[in-house]
Amino acid sequence: MTILLLGSGGREHAFAWKMTQSPLCEKLFVVPGNAGTAAIAENVALSPTDFEAVKALVLKENISLVVVGPEDPLVKGVYDYFKNDESLKHIPVIGPSKLGAQLEGSKEFAKEFLMKHNIPTAAYDSFTAETVEEGCKFLETLQPPYVLKADGLAAGKGVLIIQDLEEAKTELRNMLVHAKFGTASSKVVIEEFLDGIELSCFVLTDGKSYKILPTAKDYKRIGEGDTGLNTGGMGAVSPVPYVDAVLMEKIETRIVKPTIEGFQKDGIEYKGFVFIGLINVKGEPIVIEYNVRMGDPETEVVVPRLKSDLVELFLSVADQKLGDFNLEVDPRSATTVMVVSGGYPEDFEKGKVITGLENITDSIVFHAGTKLDGQNVVTNGGRVIAVTSYGDDFQQAIKKSYQNIDKLSFDKMYFRKDIGFDLI
């Protein structure tokens, strides 16, 4: 079959890497892709949210499965676009409906869903520019640190965690009145801070059944020791060493099951990934957020641990036969370290030539922000390359990734040297 994958990051390169290993995948198109996907599939220079252009490509190339990587096309309704088009509706789309995608598209929608279905989450309230002063008063009722979340999509950067009350009030005004995150922060959710260890739980659902994928933990801050600004993620580890059977059972019964049942009760069509951002507070799992796609860079450690055929897995979702699918997982650990552009997550330069890729051995290189410039692979984003390795434990795997990163070079290259530091 011919498959279309939407997206251009490390997550999409990992999906492409795995799908092209399937005997079912005859041809793979990636919109728009990167230098990594260009080596194993055919990139097409379109926007994943230009649905008319995507439709033309699907019909021209006789594409029979569409896999959606990033959140933007899902929130804009790509699933519904296909479902409501006579010439496209027979083609399965792996991803939730527009209504389901609101779990990520609106922090307030997600919070209301959690409360409605009695899924454990932090206390919260939401505010707009009109109610900004009420928001400031609400902050006064909370203990520091203060958590401010832009309601809409802000490319993983719309969450602020602030220790000082006056600074929190200033930032709330910046978000609501001065549009710090554009329209994404026209509404802001303020919630109580939860102190614990974060982890990510990934679920694939066909709307009826579900499979829980390997656990992962990512590292969001730019600086070592989890300091500095939030990024889209600087590295990840799978499985998470402290997640035992007891915690996993709590996650499944208190969070995963009620989430999938909630889709059914609320009439939400959902055939795709649910990323549940959790925090383990004294052995009790609590939901921080939902995402409606796989995480990045967690995909770069979760997908390599799947032994099952990814295309077969997606088809079982499309046919609502996921309950019968036998998901096999590699028992080894996997780790990934993200190599980023100097200055990221703030201003950074693009177009830097990357050298040493051909020297990497015993690790998998997933491209994120790269593109081809003639014969050269050059930087084309903040997060540039993820280097993933296997090991008997995460320490062994991480060592391999760092050994291989030493073979890479580009101007102002940066990476964290302490991924996994808190798990030792």
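The values are calculated or read from the model by the stated rules, or taken from the named source; none is laboratory data. Source: prediction; values computed, not measured. Here the Cβ positions follow ideal geometry from the backbone for every residue, glycine too, while neighbour counts run over all protein chains shown. Side chains are part of the model used for accessible areas, which takes the heavy atoms of the whole protein and leaves out ligands, DNA and RNA. Shrake-Rupley method; radii C 1.70, N 1.55, O 1.52, S 1.80 Å.
Among the residues of segment 14-36, at least one is of a type in the set (F, W, Y) and over 24 Å from K98 (Cβ atoms). In contact with a Phe, Trp or Tyr (Cβ under 8 Å, 6 or more places away or on another chain), closer than 15 Å to M234 by Cβ and surrounded by fewer than 16 Cβ atoms within 10 Å (Cβ to Cβ), is that true of G342? Against the criterion (in contact with a Phe, Trp or Tyr (Cβ under 8 Å, 6 or more places away or on another chain), closer than 15 Å to M234 by Cβ and surrounded by fewer than 16 Cβ atoms within 10 Å (Cβ to Cβ)), G342 qualifies.
Selection over segment 392-410 of residues that are in contact with a Lys or Arg (Cβ under 7 Å, 6 or more places away or on another chain) and open to solvent by 80 Å² or more (accessible area, probe 1.4 Å) gives a count of 1. One residue stands out in segment 162-191 among those that are modelled with pLDDT of 90 or more and assigned to a loop (DSSP other than H, G, I, E, B): the one that is most open to solvent (accessible area, probe 1.4 Å), namely Q163.
Scanning segment 266-298 for residues that are among the aromatic types (F, W, Y) and farther than 21 Å from A386 by Cβ yields Y270, Y290. Within segment 145-161, being within 29 Å of T253 (Cβ to Cβ) and crowded, with 19+ Cβ neighbours inside 10 Å holds for V147, K149.
Sub-6 Å Cβ pairs linking a first residue in segment 249-272 that is closer than 19 Å to Q102 by Cα to a second residue that is aliphatic (A, V, I, L, M) and assigned to a helix (DSSP H, G or I), at least 6 apart or interchain, are I268/L99; K271/V317, ordered by first then second residue. Filtered by the rule that a residue be surrounded by 14 or more Cβ atoms within 10 Å (Cβ to Cβ), modelled with pLDDT of 95 or more and in a loop (DSSP other than H, G, I, E, B), segment 103-144 gives H117, I119, P120.
Kindly indicate the residue of segment 225-276 that is part of a helix (DSSP H, G or I) and basic (K, R) and also most open to solvent (accessible area, probe 1.4 Å) among those meeting that condition. Among residues in segment 225-276 that are part of a helix (DSSP H, G or I) and basic (K, R), the one most open to solvent (accessible area, probe 1.4 Å) is K265.
Kindly state which helices (runs of 4 or more DSSP H) lie completely within segment 1-65 and contain at least 3 residues that are without any contact (Cβ under 8 Å) to a residue 12 or more places away in the chain. Where helices (runs of 4 or more DSSP H) fall fully within segment 1-65 and carry at least 3 residues being without any contact (Cβ under 8 Å) to a residue 12 or more places away in the chain, they are 51-60.
Yes or no, residue by residue, for (1) over 28 Å from G77 (Cβ atoms); (2) of a type outside the set (G, A, S); (3) without any contact (Cβ under 8 Å) to a residue 40 or more places away in the chain; (4) touching a Leu at 6+ places or on another chain (Cβ under 9 Å):
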| position | (1), (2), (3), (4) |
| --- | --- |
| F113 | no, yes, no, yes |
| N118 | yes, yes, no, no |
| F127 | no, yes, no, yes |
| E134 | yes, yes, yes, no |
| V159 | no, yes, no, yes |
| V177 | yes, yes, no, no |
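Name every residue in segment 367-408 that is part of a loop (DSSP other than H, G, I, E, B) and touching a residue at least 40 places away in the same chain (Cβ under 8 Å), in order of residue number. Within segment 367-408, A368, G369, N380, G381, G382, D392, D393, K407, L408 meet the criteria. Residues in segment 276-327 that are among the small types (G, A, S) and in contact with a strand residue (DSSP E or B) (Cβ under 7 Å, 6 or more places away or on another chain): G277, G295, A318.
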